[in-house]
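Here's the structure we're looking at; comments come further down.
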Amino acid sequence: MQQPQIHHLLWPAPDEQTHICHARAGFRAPPHAREAMTAAHEDQRPASPPNHARATRWVRAGWLIDGQGGPPRRNMGLALRAGRIVRIGPDCPEAAGGVDLSHATVLPALIDAHVHLVFSGSLDPQVRAAQLRHTPQQSQAAILRHLQEHRRCGVLAVRDGGDHRGDVRRFQQAHPGKADQPVHLCAACAAWYAAGRYGAMIGQSPPQGVSPAQAVAAHMEGGDHIKLIQSGLNSLDRFGHQGPAQFNAQELRAMVQAAHAAQRAVMVHANGEHAARTAIVAGCDSIEHGYFMGAENLRRMADRGTSWVPTAVPMAALTEAPGLSGKQQDVARRTLDHQLEQIRQAHTMGVNIVLGTDAGSQGVNHGHAVQQELCLLVNAGLGLAQAIGCATCSAAKLLRLPDRGALTPGRRADFIAVQGPPDNLPESLSEIEAICIGGTWESR
């Protein structure tokens, strides 16, 4: 969670159809509203064919983005059987029950690798304070509601960054088969911060007399990963200010080793050069946020294969926050520009960049923020297919989901279709036409 309280709406509400991309080079205007679609396009919406577990069903895609970073391919067919892709190629037989998406772009279902499901993106300080006082039942309802928002936006897997009571982990444990979850959920076993430092709203500190590594090792039940908080938030008063790390190098290394010994991945909240360096050297799997971590750390990450989840959307929201002073808005703009330049450098160096939005932060709405983060990645210099790869193939690799994230034979048939050619992306994600989940269609 990246920013202080703000008191005004920055991004469109979840039920609005207009979506914002910052007016920087390379951006197009938002797509037309749904009522402006032509009758011909309405007629082309795919029907929901019956599900036959062993029958082969064909999908004709006008354009196909496979999620692996390559260019879109024109006029491709996908053969689906038993919920998986069994074949992709230019030949698509005119079989009964096939789905015609020749007017649309098909791409893998999206993944958000950094969310906080117990929180909404509300900017009302009273709402945000009330969320911290929610009963477990209220939190469970909020988690389900936010997962449903992700699904409506074509996001079918998320990784949660922790909450102070472990409600997301409990939600996951209450749905062990995941069949009744609207989205695949990767939950934190626990999130840890040093006593007296930032982190109380999303985690816990080791009990007195217990080493950080012992605390981590004692809380491995359930969940998929461990969250470690190694720095504070970004300052909006002093551009580039870097506070001290929360754990020393030895403590952090021992915590990472304890998590890895239990087959748990480690995500580390780290802003600033020293905090990021200790996390990378300790062997973490991903750096979260990573503001002001510098080129040297980016090179370390490229060399070690450490993933980076830069979460630019929360800072972008602050650049237009009327609740902030003019100076604070200027610091936010400069901080965002610096982060976009780091993303450009990281991409050039070969760092594995993964899309995460920090949804649940002020002004960052679940599901909808993925489109906004994609816009920012494109602004930073990534090609469209490469940016989509950050939200699909790269994210699936980080979340250890080998059957998701790419449209290739053998993987799950999870994909979305948007109107028109790829040139309309990322904006056309606000008008998802259909979602295929494990071979089952959800028309919109």
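The values are calculated or read from the model by the stated rules, or taken from the named source; none is laboratory data. Small disclaimer: the values here were computed from a predicted structure and weren't measured. Cβ: placed from backbone, ideal geometry, glycine included. Neighbour counts: every protein chain shown.
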Consider only pairs whose beta carbons are under 7 Å apart and that are at least six residues apart or on different chains; among these, list those whose first residue lies in the stretch 305-324 and is surrounded by fewer than 24 Cβ atoms within 10 Å (Cβ to Cβ) and whose second residue is among the basic types (K, R). T319/R333
Counting only residues in the stretch 82-109 that are among the charged types (D, E, K, R) and touching a residue at least 60 places away in the same chain (Cβ under 8 Å), the one surrounded by the most Cβ atoms within 10 Å (Cβ to Cβ) is identified as R84
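Please return the ranges of helices (runs of 4 or more DSSP H) entirely within the stretch 262-379 where 3 or more residues are farther than 30 Å from E431 by Cβ, in the same structural domain as D163 (by TED's automatic domain parsing) and at pLDDT 95 or above. Show your work before the answer.
Details: elements: 273-282, 294-304, 313-318, 326-349, 368-379.
Counting at least 3 such residues, we get 273-282, 294-304, 326-349.
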Do you know which residues across the stretch 85-124 are under 24 Å from the mean Cα position of the chain (by Cα) and over 22 Å from A395 (Cβ atoms)? A104, S120, S122, L123, D124
The lone exception for G232 - which of (1) in a loop (DSSP other than H, G, I, E, B); (2) touching a residue at least 40 places away in the same chain (Cβ under 8 Å); (3) closer than 19 Å to G162 by Cβ it fails: (2)
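Does D112 meet the test of being at pLDDT 95 or above, buried (at least 16 other Cβ atoms within 10 Å of the Cβ) and assigned to a loop (DSSP other than H, G, I, E, B)? Steps first, please.
Details: at pLDDT 95 or above: yes; buried (at least 16 other Cβ atoms within 10 Å of the Cβ): yes; assigned to a loop (DSSP other than H, G, I, E, B): no.
Here the answer is no, as D112 does not meet what is asked.
Looking at this structure, is R133 surrounded by fewer than 18 Cβ atoms within 10 Å (Cβ to Cβ), touching a Ser or Thr at 6+ places or on another chain (Cβ under 8 Å) and within 30 Å of G199 (Cα to Cα)?
No; evaluated as a whole, the condition is false for this residue.
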Give just the number: which of (1) under 18 Å from G222 (Cβ atoms); (2) crowded, with 22+ Cβ neighbours inside 10 Å; (3) touching an Asp or Glu at 6+ places or on another chain (Cβ under 9 Å) does H150 not satisfy? (1)
Name the one entry in F171, F239 that is in the same structural domain as H269 (by TED's automatic domain parsing) and more than 24 Å from the chain's Cα centre (by Cα). F239
Number of positions in the stretch 69-108 that are closer than 15 Å to A406 by Cβ, out of contact with any Gly (no Cβ under 6 Å at 6 or more places or on another chain) and assigned to a loop (DSSP other than H, G, I, E, B): 3
